[in-house]
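The values are calculated or read from the model by the stated rules, or taken from the named source; none is laboratory data. Every value quoted in this text rests on a predicted model; they were computed, and no experiment measured them. As a convention, Cβ positions derive from the backbone with ideal geometry for all residues, glycine included, and neighbour counts pool all protein chains shown.
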Amino acid sequence: MANANTDTKEHADQNIILTTEHRVACDGGGTHPITYYDLGKWGQATCHYCGQKFASHH
Ligand SMILES: [Zn+2]
């Protein structure tokens with residue numbers, strides 16, 4: 001019991017899409033309608049449908 005599986009937490013942090021655009025589009029790989037998110041205010045956004053995270057990258 002010395003080694004616990006902690007892969008789940010790291011996996012979530014690595015699943016962020018970096019973009020230089022101020023606005024991103026997400027369709028969840030075709031699983032939901034295309035939705036646009038504005039990164040201008042917070043510098044990051046999370047898709048309300050599939051939970052995909054986006055962050056601005058300068
Ligand atoms: Zn999405």
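Quick notes on this structure:
- For segment 19-34, the set of residues classified as within 12 Å of H57 (Cα to Cα) and part of a loop (DSSP other than H, G, I, E, B) consists of T20, E21, H22, listed by residue number.
- Qualifying residue in segment 11-25 (condition: at pLDDT 95 or above and among the acidic types (D, E)): no
- Pairs with Cβ under 7 Å, 6+ apart, first in segment 37-54 and surrounded by fewer than 12 Cβ atoms within 10 Å (Cβ to Cβ), second assigned to a loop (DSSP other than H, G, I, E, B): D38/H22; G40/H22
- Filtering segment 35-51 to residues that are more than 9 Å from the ligand (Cβ to nearest atom) and either assigned to a loop (DSSP other than H, G, I, E, B) or charged (D, E, K, R) (or both) leaves D38, L39, G40, K41, W42, G43.
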